[in-house]
Every structure is written in structure tokens, then in C-alpha cells.
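This report concerns only the one structure given below.
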Amino acid sequence: MARKPLMAGNWKMNKTIPEAVAMVKELKGKIADVKDVDVLICPTFTAIAALANEAKGSNINIGAQDIFWEAKGAFTGEIAPNMLVDAGCTYVIIGHSERRQYFGETNETVNKKVKAALANGLIPVVCVGETLKEREDDVTFKVIESQIREGLKDLSKEDAAKIVIAYEPVWAIGTGKTATPDQAQEVHAFARKVYGEMYGDACQQVRILYGGSVKPDNVKELMKKEDIDGGLVGGASLKADSFEALVKFNN
Ligand code: PGA
């Protein structure tokens with residue numbers, strides 16, 4: 001089954017509102033003619049509304065970098081799913097390794113967030129990935145399997161087909177050390193197999209992105225692999241020129 005590629009920029013904690021708007025303004029002209037790739041930018045919460053406004057009518061989707069599962073109430077500092085929709089998001093990154101590492105995110109909270117996002121019509125981009133120690137200890141597949149089975153459990157088949165999974169080996173994030181296309185493909189194929197055991201055919205529709213030092217000069221080789229359906233990109237998504245090159249990996 002042909003899956004439409006998705007190129008997603010994870011801006012992390014970068015860019016003020018004017019900086020964010022300026023980049024989307026520039027990017028939107030550069031990629032206006034791209035139809036065969038879905039494009040997503042995930043800025044900080046504070047820039048979401050302004051970017052959604054700037055991206056209106058373009059082929060750029062706007063997403064958040066996190067979400068909370070409750071609908072409203074006494075949860076100081078958190079953002080509810082319908083508030084993200086309200087601000088103009090259509091996607092949301094969930095369970096990024098930096099959230100798991102620094103903010104106590106677990107497979108259980110990931111699962112609650114995934115369900116809350118789906119219930120509100122947001123497409124979750126759910127991150128999984130092993131640390132360097134886990135790779136060296138030879139438990140990569142075990143870690144990925146439990147992140148998928150626990151983080152993505154109890155979805156309807158319809159929802160299961162809609163979500164996006166991002167495989168991001170922690171040792172490759174921001175380090176300049178990309179997984180080789182073969183290393184990535186091996187884990188992507190495994191993730192799809194596990195997902196198939198959970199949700200049958202939905203595993204053929206679910207898009208699995210690779211993340212971890214994706215750059216204009218390695219994107220083409222990664223995207224040639226059968227089970228790699230796009231990229232979740234940090235550093236190289238922060239400049240319009242390099243993100244344009246990633247979106248146009250096929251040219
Ligand atoms: P990187 O980040 O492209 O800067 O390695 C990827 C990510 O963490 O999503």
C-alpha cells in the first residue's frame with residue numbers, strides 16, 4: 001500500500017513568535033507546489049495560533065509538541081486537547097524521548113494522551129526509540145515492542161490506522177549520528193509487525209517516520225527504505241532552506 005510521506009519539523013524550545021512566523025512565511029512560498037508529501041511544523045505552544053494563521057490556505061499543517069489528557073480543570077500549566085484544536089493544530093507529538101527523559105513521560109501517560117488526541121480529532125505522532133545503553137545491551141526490539149504495545153493499546157481499528165509512529169533512536173537525536181538506513185529499516189519493519197499483531201491491516205496504513213539527525217544529505221537514502229514513511233526532524237527543520245530540501249527529498 002502506498003503511504004503518503006510526512007515530513008515533520010519538531011522545533012522543540014526554539015523560536016519566538018515573530019521568528020516562527022517569518023520562517024513559515026518563507027517556507028510556504030518555497031514548497032507551495034508540493035502535493036505528494038504532507039508537511040507538518042510543531043512549534044512551541046506560544047507560537048501555535050500565530051503559525052496556524054500564517055499557514056492558513058497553504059499545505060503546511062501545524063502541530064503541538066505535547067498535550068494533556070484531561071478536558072479542563074485544575075491542572076496548572078497544562079494544555080487540553082480542545083485548546084490545541086482551537087489554536088489551529090491538526091497533529092500533536094506525543095512521548096518524545098526528551099519528554100520521557102526529562103519530564104517523566106511513561107508508556108501509560110503516552111497512551112492516555114494518544115486517546116485524548118484522537119478523541120479530539122488530532123493526529124498523534126507517537127515517538128518510540130531506544131537509548132544507547134539499550135542498543136548496546138541488545139534490548140532495542142524489546143524496548144520498542146513495549147513502547148508500542150503499552151503506549152498504543154486499546155485503540156479502535158480506525159484510529160489505529162490514522163496515527164503516526166516516529167522511531168527515534170535516542171542516541172541519534174541531535175548528535176549528528178544518524179542510524180544507517182538499514183538499521184532504521186530493521187526497526188521500522190519490526191514496529192510495523194508488532195503493530196500488525198495488535199491491529200491487523202492498520203499496520204499497512206500507519207505511517208512510521210524516522211527521526212534522529214535527519215538532514216538534507218541523508219534523507220534520500222532513508223526515504224528509499226520500504227518501511228520509512230517520512231521524517232521527524234529537529235535541527236534541520238529550523239531553517240527554511242534545509243526544511244525545504246527535506247520536504248523535496250524526491251526531487
Ligand atoms: P534532530 O531531532 O533532528 O535534531 O536529531 C529529532 C527529534 O528529536 O525529533
Assuming R0 = 35 Å, what is the FRET efficiency of ALA119 and LYS248, from their Cβ-Cβ distance, to the nearest 0.05?
0.50
Taking the Cβ of ASN10 as the center, what net charge do the other residues with Cβ under 13 Å away carry, scoring Lys and Arg +1 and Asp and Glu -1?
0
Here, ILE17 and ALA2, labelled 7 Å along Cα→Cβ, have an inter-label distance in nm of 4.2 nm
Once every DSSP H run of n ≥ 4 in the chain is given -39500 (n - 2.57) and the sum is divided by its residues, what mean residue ellipticity at 222 nm do you get, rounded to the nearest 500 deg cm²/dmol?
-12000 deg cm²/dmol
Rounded accessible area per residue of the chain, 1.4 Å, Å²:
45 Å²
Along the Cα-to-C-beta direction of VAL85, a point sits 7 Å from the Cα; which residues of segment 151-185 have their amide N less than 19 Å from that point?
155-164
Compute the separation of the alpha-carbon centres of segment 1-42 and segment 228-251 and state it in Å as a whole number.
8 Å
Computed lengthening from LYS25 to GLU186, 0.36 nm per intervening residue step minus Cα-Cα distance
54.2 nm
Within segment 171-192, the residues whose backbone N lies under 18 Å from a label point placed 7 Å from the Cα of GLU150 along the Cα-to-Cβ direction are 191
Around ALA166, which amide H atoms from residues at least 5 apart in sequence, or from another chain, sit under 5 Å from its own amide H, with H modelled in the peptide plane?
VAL126, CYS127, VAL128, LEU209
Check the straight Cα-Cα distances from LYS157 and name the lysines below 21 Å, setting aside those fewer than 8 residues away within the same chain.
LYS4, LYS112, LYS113, LYS115, LYS193
Sparsely packed chymotrypsin sites (Phe, Trp or Tyr not before Pro) within segment 13-80, loop by DSSP, other Cβ within 10 Å at most 16:
PHE75
Once amide H atoms are placed 1.01 Å from N in the peptide plane, what residues at a sequence separation of 5 or more from ILE93, or on another chain, have their amide H within under 5 Å of its amide H?
ALA64, GLN65, ASP66, VAL125
Rounded to the nearest percent, how much of the accessible area of the chain (1.4 Å probe, protein heavy atoms only) is carbon and sulfur?
52 percent
Once both labels are modelled 7 Å past Cα along the beta-carbon direction, what's the LYS239-TYR102 spacing in nm?
2.3 nm
Accessible surface of ASP229 - all protein chains present, 1.4 Å probe, nearest 10 Å²:
10 Å²
Debye-sum result for segment 6-247 in log10 I(q)/I(0), which assumes one identical scatterer on each alpha carbon, at q = 0.09 Å⁻¹
-0.34
With each label point set 7 Å from Cα along the Cα-Cβ vector, what nm distance links ASP201 and LEU132?
4.4 nm
Antiparallel versus total DSSP beta bridges in the chain: what percent is that, nearest 5?
0 percent
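The values are calculated or read from the model by the stated rules, or taken from the named source; none is laboratory data. Note that the structure is predicted; figures quoted are calculated from it, not measured. Positions of Cβ are generated from backbone atoms using ideal geometry, with glycine treated the same way; all protein chains shown enter the neighbour counts. Side chains included, ligands, DNA and RNA excluded: accessible areas come from the protein's heavy atoms. Shrake-Rupley method; radii C 1.70, N 1.55, O 1.52, S 1.80 Å.
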